[in-house]
Amino acid sequence: MLRFSTAGESHGEALIALLSGLPAGVPIDFSFIDRELWRRQQGYARGGRMKIERDHAHFLAGVRNGISIGAPIAIQLRNNDWKNWEQTLSVESPAGETARPVKSPRPGHADLAGAIKYNFPEARYILERASARETTARVAAGALAKLLLRQLGIEIASHVLAVGEAWLAPDTEVTWEALRALAAKDDVILGCIDPASEQRMKEQVDLALRSGDSIGGVFEVRAQGLPPGIGSFANWDERLDAQLVQALVSIQAVKAAEVGEGVSVANALGSRAQDPIGYQRQARRFTRTSNHAGGIEGGMTNGEEVVVRGYLKPISTLRRPLESVSFETREPVKAAYERSDVCVVPAAAVVGEAMVALTLARAALEKFGGDSLAETKRNLEAYWEQVRNF
């Protein structure tokens, strides 16, 4: 029902986000969408590209007079760096002397496998599409999903749990007030809600900077306001936790994802891993004394906060490149170097929010339907009444 795709290359003229299935009547907050794009560009030790681009969502279709109209939505995001690549990546004319070939594949990147797959003699075209610059379009589409979810009483936020060996202090309480304050900050460092923990993370980044290396980490995305029963246990591909994990691992450099405390409870006894159930008669709702499951049981939301984490490897482009092989001669050489970042964990967290928002919005529309926002909200309220009367 809700589908999105992206198009464009890292140094091409523009990126495109295409979203179909958004109900008619959703108010579009253009400043919010541009703010989400700005958030993706922030963070300590980002590369020079962030100084060039000023991402702005230019709507081409599907939105009129400030609301969605039920038609597919097309968003253009221009690349300011295009002026430096217009001849190299011309649509019509061969690059010739303006070519900038990627002559040796970078370990950990799509370069080698992609060049083999598409039978290219070098990896320029692979790099251009595989680049994490593509996530700009994801964030734009995800912002629209967030605007829909906001109308349904569902909120999404993120924060950084770890950078390198530095983790958020274990006794830190993660509150929605802290998450909202973090998202509102104009001086983003590493996206951690605890200043002391963030300073330790910054020291890890500084070590990587001094050694010409890169560094990864872990981010967490949370969602509140979801009723129980979103998703399904009936078929493997309908399970919401599976869809969320796929969404996070699809982000460039994310190599693993976790729902709730899925990693730590794997080593725990069952009595420690489950979330005891209670009932609040006045509120007419079932409660939990913990949330080890991350708000999802049996492939469905259970009414608690949805909590997922993405594990981001250090990015593949290094200022001190690793050993590689020349595409042309097959002789040992150093891997190619492209202008790059040292740490992208805060940006990945924002992309993670977008992917979670798109996944939850799709699941909500599968459950409640609606060609218009009014119809979707009416169906949701009827379901909430069913939940309260259960």
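No lab work stands behind these numbers, since they all come straight from the coordinates. Just so you know, these numbers come straight off a predicted model, no measurement behind them. Positions of Cβ are backbone-derived with ideal geometry, glycine not excepted, and every protein chain shown enters the neighbour counts.
SER372 versus ASP171, label points 7 Å from Cα toward the beta carbon: distance in nm?
With each label placed 7 Å out from Cα toward Cβ, I get 5.5 nm.
Give me the distance between the Cα centres of the stretch 271-312 and the stretch 46-118, rounded to whole Å.
Cα centroid to Cα centroid, the span is 40 Å.
What's the local net charge at ARG124, with K and R +1, D and E -1, over the other residues with C-beta under 12 Å away?
-2
Counting alpha carbon pairs within less than 8 Å and at least 6 residues apart, what relative contact order, in whole percent, applies to the chain?
Result for the chain is 23 percent.
Return the FRET efficiency for the residue pair ALA113, ILE16: r is the Cβ-Cβ distance, R0 is 25 Å, and the value is rounded to the nearest 0.05.
0.50
In whole Hz, what ³J(HN,Hα) sequence does the stretch 284-295 give by Karplus (6.51, -1.76, 1.60; θ = phi - 60°), x for Gly and Pro?
Going residue by residue, I get 6, 8, 7, 10, 10, 8, 8, 9, 4, 6, x, x Hz, with x marking Gly and Pro.
Are any of the pairs LYS51/LYS185; LYS202/LYS313; LYS185/LYS255; LYS103/LYS313; LYS146/LYS377; LYS51/LYS83 more than 21 Å apart by Cα-Cα distance, and if so, which?
The pairs that break the limit, which is 21 Å between Cα atoms, are LYS185/LYS255; LYS103/LYS313.
Which one of VAL350, VAL307, VAL188 has the biggest mean-square fluctuation once the chain is modelled by GNM with Cα springs under 10 Å?
It is VAL188.
Would you kindly state how much longer the chain becomes between ASP206 and PHE390 on full extension, computed as 0.36 nm times their sequence separation minus their alpha carbon distance, in nm to one decimal?
In short, 60.8 nm is gained.
Tell me the angle of helix 135-151 to the major Cα principal axis of the chain, expressed in degrees between 0 and 90 and rounded to the nearest ten.
10
Could you tell me the center-to-center distance, by alpha carbons, between the stretch 211-244 and the stretch 131-174 in angstrom?
Spelled out, the Cα-based centre of one part sits 11 Å from the other.
What number, in percent, do you get for the relative contact order of the stretch 96-207 if the mean sequence gap of Cα pairs under 8 Å and at least 6 apart is divided by its residue count?
This gives 19 percent for the stretch 96-207.
From the phi angles alone, apply the Karplus equation (6.51, -1.76, 1.60; θ = phi - 60°) to the stretch 50-57 and give each ³J(HN,Hα) in whole Hz, x where the residue is Gly or Pro.
So the Karplus estimates, Gly and Pro as x, are 5, 7, 8, 8, 10, 5, 9, 8 Hz.
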